[in-house]
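Below: one structure, written as structure tokens.
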Amino acid sequence: MSKFRIGLIGLGGMAGEHIRWMNAEGCFEVVAVSDVYEEALLRVGEQLGVAPDKRYTDYNLLIEDPAVDAVVSVTPNNVHAAIIHSCLQAGKPFMAEKPFTRVFEEAAPLLEAYERQPVPAMLAFTYRYTPAFRYARELVRDGKIGAVRSFSIQYLQGWGAASNNVPYIWRFNKDVTGTGTLGDLGSHMIDMARFLFGEFEELSAQLHTIIPERIDPASGNMVKIEVDDFASFQARMTGGVMGVFQTTRNAIGSGNQHEVSIYGDSGTLHASTLNPNEVSWIREEAPGQLAKLSVDVPEHCRVTQYANFKALLEGTIPDGIAGFMDGYRNQEILDAIVRASETKTTLRL
Ligand SMILES: NC(=O)c1ccc[n+]([C@@H]2O[C@H](COP(=O)([O-])OP(=O)(O)OC[C@H]3O[C@@H](n4cnc5c(N)ncnc54)[C@H](O)[C@@H]3O)[C@@H](O)[C@H]2O)c1
């Protein structure tokens, strides 16, 4: 079986996950790599057996390379828009990491380019592939908890907390990242709400910076932090479903805790990355008699991100895939959250 020939851009931490996922699928081969950091090019190029003339410091050369069938983009956020734009110009299918762009101003011209020349495109909203979330979506759609009235979503990590003394890395630099924990983890929560419940119609928000300055390892100076490290927002979704959201990277001991609780007329569901293979389901067994069940996720809800990418490259649009418009809309909502927080108003979307 011939494999999809992938060009991988950005060879840092998350690229390692993408390589692992591609290898597990067995139908992808990384034939070209790109990074601005020569050491990473050499290390990953050697690891994957990529020919030396296919190790590019300029990602445009990788995108234009006819030996590359599709691009996987895993760079910091300041390069997202330019890479997506180049892929659209070259007519090259791609999977791009979240958030879509840093700010909405970068996203708007991408939509024009996409409408001129649509190409198969996927956003790496990875939690669509957490089995418990996918099963919860099915239970909601099948009406198993009745009409959904409200939900809460949180996404907590702990690495940014004061006691960890994390220095001024790109994730705190507004020019590179756009927003802080909002774009980083909040983009996943926004996507999860859209995946499960439909569209955002109205929202209000509060962003906050817990740690006001961090040390720059290069200069040794303290740098003022201009992005959030706590974000909370609430939204009215399609059909009047009400949601509350919180995220921070300063919640000690959280690990990677992304979870959703869903409240319907006849039951409650709880799904979490801490327990990705089960859904907790509270339901009325008889009038006034509640049962709390831990239900194993069925096999058909174990879909992988790269199985969906393969299907996309083969010309089908799998159920539940995050496409170009999901990235674009996500960015629109991220920007509305920033605006709502700054103006202390409730915004209609
Ligand atoms: N989907 C998820 O669950 C998930 C998880 C973690 C990170 N991410 C996303 O993945 C992206 C990368 O995160 P990371 O943790 O791997 O960052 P990282 O800093 O570890 O790696 C980024 C790599 O990109 C390279 N790079 C920078 N500018 C470049 C350019 N112009 N051309 C080519 N390479 C360039 C850097 O040298 C570095 O090697 C971010 O957008 C992040 O939001 C997604």
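Of note:
- Cα-Cα P(r), the range 233-342, percent of pairs per 10 Å interval: 10, 27, 38, 21, 4, 0
- For Gly146, the residues whose amide H sits under 5 Å from its own are Ser266, ignoring neighbours fewer than 5 places away on the same chain, with H placed 1.01 Å from N.
- Under 13 Å, Cβ to Cβ, from Leu123 - net charge with Lys/Arg +1 and Asp/Glu -1: +1
- Cβ-derived FRET efficiency at R0 41 Å, Ser163 paired with Asn277, nearest 0.05: 0.85
- Calculated [θ] (222 nm, deg cm²/dmol) that DSSP helices of n ≥ 4 give over the chain, each run adding -39,500 (n - 2.57): -9500 deg cm²/dmol
- Net lengthening on full extension, Glu284/Ile211 (0.36 nm per residue, minus Cα-Cα): 21.8 nm
- Between the beta carbons of Ser266 and Glu202, assuming R0 = 35 Å, the FRET efficiency works out to 0.85 to the nearest 0.05.
- Additional length obtainable on full extension of the chain from Ala113 to Ser152, 0.36 nm per residue less Cα span: 10.5 nm
- Net +/- balance of residues flanking Gln206 in space, Cβ distance below 14 Å, scoring K and R +1, D and E -1: -1
- Label-point separation, Glu38 to Glu314 (7 Å along Cα→Cβ), nm: 4.3 nm
- Taking Lys and Arg as +1 and Asp and Glu as -1, the other residues whose beta-carbon sits under 10 Å from that of Gln89 total +1.
- Choice from Tyr59, Tyr263, Tyr37 with maximal GNM fluctuation in the chain (Cα, 10 Å cutoff): Tyr37
- GluC sites (Glu not before Pro), loop per DSSP, at most 15 other Cβ atoms within 10 Å - longest free stretch of the chain: 1-198
- Cross-link pairs beyond the 21 Å C-alpha cut-off, checked among Lys98/Lys310; Lys3/Lys92; Lys174/Lys224; Lys3/Lys98; Lys3/Lys54; Lys224/Lys344: Lys3/Lys98; Lys224/Lys344
- Taking amide H as placed 1.01 Å from N in the peptide plane, the amide H of Ile252 sits under 5 Å from none that are at least 5 places away or on another chain.
- Where N is the number of residues in the chain, Cα Rg divided by 2.2 N^0.38 Å: 1.02
- Rounded Å value of the spacing that divides the Cα centres of the range 30-64 and the range 228-244: 41 Å
- Between the amide H of Lys98 and those of Ala124, distances stay under 5 Å, these residues lying 5 or more places away or on another chain, with hydrogens modeled in the peptide plane.
- Point-to-point label distance, Met222-Glu105, nm (Cα→Cβ direction, 7 Å offset): 3.0 nm
- Each label was represented as a point 7 Å from its Cα along the Cα-to-Cβ direction; for Val176 and Leu293 these points are 4.8 nm apart.
Bear in mind that the values in this text are calculations on the coordinates, not laboratory data. Just so it is clear, the model here is predicted, and its values are computed rather than measured. Neighbour counts run over all protein chains shown; Cβ positions are idealised from the backbone, glycine included.
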